1. Just check region 134-284 against the gyration tensor rule for me: Cα atoms, a ≥ b ≥ c as the square roots of the eigenvalues, rounded for a/c under 1.5, and otherwise prolate or oblate depending on whether a/b exceeds b/c.
2. For the chain, modelled as a Gaussian network with Cα springs under 10 Å, which listed residue fluctuates most, 181, 255, 86?
3. Would you grab the residues whose amide H sits under 5 Å from the one on residue 271? Only those 5+ places off in sequence or on another chain, please, with H modelled 1.01 Å from N.
4. Students often check this: by mean Cβ neighbours within 10 Å, which of 241-250, 61-70 ranks highest, and how do the rest follow?
5. Along Cα→Cβ, 7 Å out, is where each label goes; now give me the distance between the ones at residue 272 and residue 10 in nm to one decimal.
6. For the peptides 225-238, 36-49, 139-152, what is the packing order when you average, over each peptide's residues, the other Cβ atoms within 10 Å and list the highest mean first?
7. For the chain, return all DSSP H helices satisfying: extent of Cα atoms along own axis at least 30 Å; mean Kyte-Doolittle hydropathy at least 1.6.
8. Using every Cα-Cα pair within region 13-84, state what percent have a distance larger than 14 Å.
Amino acid sequence: MTQPVPSALHTSKLHSLPLLARGKVRDNYAVGNDRILMVASDRLSAFDVIMGEPIPGKGALLTQMALYWFDKLGDICPNHLTGEAPESAVQPDEVAQVHLRSMLVKRLKPVPIEAVVRGYLAGSGWKEYQESQAVCGVPLPAGLINSAKLAEPIYTPAAKAEAGEHDENITFERTVEMVGPELAAQIRDISIAIYKKAAAIALTKGMIIADTKFEFGLDEDGKLVLMDEVLTPDSSRYWPVEGYADALATGANPPSYDKQFVRDWLEQAKVNGKPWDKTAPAPRLPQEVIDKTAAKYREALERLTA
């Protein structure tokens, strides 16, 4: 039974709580001094540019998917959920803006590292491999092809960028300089453990998680906590198993459950007769691209939770 798709929400407007920040997708509001209400809008970003058109139902699907994974992964790392209903933090006239698409979470000190784990060679990792036979300083064997499964997942962190900037791929050694050897190793080891467990679960549902990124924070006791979204199609590259072998044989990108559909369209989009330069404003997404993207997000959640 599919949830009815709520009306699209590009930008939330809660009057009862102070706005802390608007990210590419999430609007974060302060709830007292120790909690944050994270509202997942229906905004879509590609190439670090926010599209003008929302994807109806996307925010609710992302949130339900993140909650599914938080529930499965608690044995590896604590997460930021408070267990309280998001609706309890807002006024009655604001409930529609937060229902199904929000999480009421603990306020943490964010670690400025995107913890990226790759089990397959794809996207920017494939590009980097072609140039240097390595990804983020991690050497790989010769002769790998696009979308190839790696012998073991690799940890390829990135430094979190300011709003509007591109995250910068960095080496593990750089993360040691940033946060110290103990925390850097803990983040790496937990990230790989989470990826391995999630990838195994997804495979039983007929889905490959090619790569993903995690974000962590520290609580008041300095304990590492998994935060933000986790293993959603926005933070991860999901492929259906049934299209993978053919794509691998031809060197093509496998069909995906993420925003690759939008990325592929944008790669060939033209602005004033020239290819789009991947800076704001983005070209206007056609309705067909919006509808197909919304259907992909829906299919990913339905398949995972079936």
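1. Note, shape of region 134-284 comes out oblate.
2. Checking each option, the largest mean-square fluctuation is seen for 181.
3. Here the answer is 276, since their amide H atoms fall under 5 Å of that of residue 271.
4. Top of the packing list down: 61-70, 241-250.
5. Result for the modelled spin labels: 2.2 nm.
6. Details: 225-238: 24.0, 36-49: 22.5, 139-152: 13.6.
Ranked from most to least packed, the peptides come out as 225-238, 36-49, 139-152.
7. Working: long enough: 181-204 (35 Å, 0.65).
What comes out of the filter, once short or polar helices are dropped, is none.
8. 67
The values are calculated or read from the model by the stated rules, or taken from the named source; none is laboratory data. Since the structure is predicted, the reported quantities are computational estimates derived from the model, not experimental observations. So basically every Cβ, Gly included, is an ideal-geometry build from the backbone, and we count neighbours across all protein chains shown. With ligands, DNA and RNA removed, areas are computed over all heavy atoms of the protein, side chains included. Shrake-Rupley method; radii C 1.70, N 1.55, O 1.52, S 1.80 Å.
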